[in-house]
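Taking it in order: structure first as structure tokens, then the write-up.
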Amino acid sequence: MIDLEQNEKILLHARRHWFFLFQKILSLIPLVVIPVIVIFSVPMTVDSFSFSEKSGVALIIFFLFSWLLCIWITSFIMWTDFYLDVLIVTDHRVINVEQKALFSRETSSLHLDKIQDVSVDVHGVIATFLSFGTLRIQTAGETGEFGIKGIKEPDQVKKIILEQHEKAMAKLRTVRIES
């Protein structure tokens, strides 16, 4: 999936917090309740069909299960988007893989020596209690800012990135002194 440079080691895989997936899945619950309401109203609607009672019930059941299948597929797409969004920290660079749609992915990376600042924003009681927030990495390149929302344990990720940044800068200074 990701091509690593020679002698490059992955130090950390960081993902969004599970709370973000939970919020998206929770938004589907009203759509699941609609078929339950329809099922309890079936005896009243069967009389309005112009064909036999059995075929009317079968048609309603078909549409209800089709509805539930669409909700199931939507939740699968939400989970795929959640699972494939990842921040990878190596000993040479930081790689952000963001799943835009089911078959669309955006990968961006920056070398550790290009980092100017790393900051963490944690807002709210839930974010503080569950330990998730936004990680922002300021760069010297064209991209300017590299932001990942909802990452779990952002302070730990920041610490690892800054440690690797210091190692990269020390290595760069050593190379400049030797030249």
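In table form, for the structure just shown:
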item: Candidate set from region 122-133 (those that are closer than 27 Å to H111 by Cα and either in contact with a Gly (Cβ under 6 Å, 6 or more places away or on another chain) or not polar (S, T, N, Q) (or both)); member that is surrounded by the fewest Cβ atoms within 10 Å (Cβ to Cβ); result: V122
item: Total residues in region 15-29, condition in a helix (DSSP H, G or I) and not hydrophobic (A, V, I, L, M, F, W, C); result: 2
item: Output for region 37-54, where each listed residue is surrounded by 10 or more Cβ atoms within 10 Å (Cβ to Cβ) and either at pLDDT 75 or above or more than 35 Å from the chain's Cα centre (by Cα) (or both); result: S41, V42, P43, T45, V46, F49, S52, E53
item: Failed condition for L69, given (1) touching a helix residue (DSSP H, G or I) at 6+ places or on another chain (Cβ under 9 Å); (2) over 19 Å from K149 (Cα atoms); (3) modelled with pLDDT of 90 or more; result: (1)
item: Selected residue [basic (K, R), at pLDDT 90 or above and under 25 Å from L28 (Cα atoms)] from K152, K158; result: K152
item: Subset of region 67-106 (residues that are loosely packed, with under 13 Cβ neighbours inside 10 Å, hydroxyl-bearing (S, T, Y) and part of a strand (DSSP E or B)); result: S104
item: I126 part of a helix (DSSP H, G or I), farther than 23 Å from L11 by Cα and of a type in the set (V, I, T); result: yes
item: Boolean, D117 is surrounded by fewer than 19 Cβ atoms within 10 Å (Cβ to Cβ) and touching a helix residue (DSSP H, G or I) at 6+ places or on another chain (Cβ under 6 Å); result: no
item: Filter result for Q116 (farther than 22 Å from F20 by Cα, modelled with pLDDT of 90 or more and either outside any loop (DSSP other than H, G, I, E, B) or among the hydroxyl-bearing types (S, T, Y) (or both)); result: no
item: Every pair of residues 6+ apart whose Cβ atoms lie under 6 Å, when the first sits in region 69-85 and is within 16 Å of H13 (Cα to Cα) while the second is not charged (D, E, K, R); result: D81/Q99; F82/L21; L84/Q99; D85/Q99
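The values are calculated or read from the model by the stated rules, or taken from the named source; none is laboratory data. Just so you know, these numbers come straight off a predicted model, no measurement behind them. Cβ: placed from backbone, ideal geometry, glycine included. Neighbour counts: every protein chain shown.
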